[in-house]
Amino acid sequence: MVNQQRLQKQIKNWQDESTVYLNEMKDLIKNIEETKQLIVICYFTTSYQLSHQVDRVNYGIGSFHIQNLGTQSLMNPHIGIKITANIDFNLSGKYLYPNSKKTVRLSNAWERINEATDKKEIWLKPTQKESVDPGEILTFSNFQLKWEPTSTYAGTIQGFTYGNELPDGIHALNQINLNGTITDREEEEQTDEKK
């Protein structure tokens, strides 16, 4: 009888200890969940073919990346691309319009959410993605930039990322700056001869 009482007491002690440990683990898990952080960066990657001659078209191809470095998801991501230039930069890419009659959705496509007539600002949201999860990169890939300069030109393209957790948005880490001077072939040859 003594052994049975002692055994029951020992079992009760183990149960109490287990309950204490479980409560401590629950508190630790709760603290981990409370320390979720949203750390999002965005940036451009680009490549160009430039001619700097009259009647020659310049081309660029680029991508805009949203990278989640934090421990919390960014919900309902969308991006803004703002163009400031003294000439017309034509930006196109893999995006649809809300009233598009296409029944087949393109993979990794984006939807333009502002007026199509606005050539200075382009607002896009992904068609098949509602969040950027921790450790994930969401990309608006392979947009094309085209311009045909007739004289000296300068332009800047800025990018922004927004979402439920970023209502005021964040700026891209970099921006695209394009500028050049168009020279006449005869002027170039005269300059070369003077050297």
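The values are calculated or read from the model by the stated rules, or taken from the named source; none is laboratory data. Keep in mind that what you see is a predicted model, and the values were worked out from it rather than measured. Cβ sites come from the backbone with ideal geometry, for glycine too, and all protein chains shown count toward neighbours. The accessibility values were calculated without ligands, DNA or RNA, using every heavy atom of the protein model including side chains. Shrake-Rupley method; radii C 1.70, N 1.55, O 1.52, S 1.80 Å.
Numbers for the structure displayed
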read-out: Region 88-157, relative contact order [Cα under 8 Å, separation at least 6], %; value: 40
read-out: Counting all C-alpha pairs of region 94-181, share separated by more than 17 Å (%); value: 61
read-out: Accessible surface of the chain [probe 1.4 Å, protein heavy atoms]: carbon and sulfur percent; value: 49
read-out: Placed amide H near Glu136: partners under 5 Å, 5+ positions off or other chain; value: Asn68
read-out: Dipole axis of the chain (+1 Lys, Arg; -1 Asp, Glu on Cβ), positive-most option in Leu7, Tyr48, Leu74; value: Leu7
read-out: Computed over the chain, Cα set: Rg, Dmax in Å; value: 28.4, 115
read-out: Over region 1-75, relative contact order from alpha-carbon pairs under 8 Å, at least 6 apart, %; value: 29
read-out: Acute angle (nearest 10 degrees) that the helix 185-194 long axis makes with the longest principal axis of the chain, alpha-carbon atoms; value: 80
read-out: Net charge dipole size for the chain [Lys, Arg +1 and Asp, Glu -1 on Cβ; Debye, nearest 20]; value: 980
read-out: The chain: relative contact order in percent, alpha carbon pairs under 8 Å with at least 6 residues between; value: 27
read-out: Degrees separating the helix 2-34 axis from the principal Cα axis of the chain, which is the longest one; value: 20
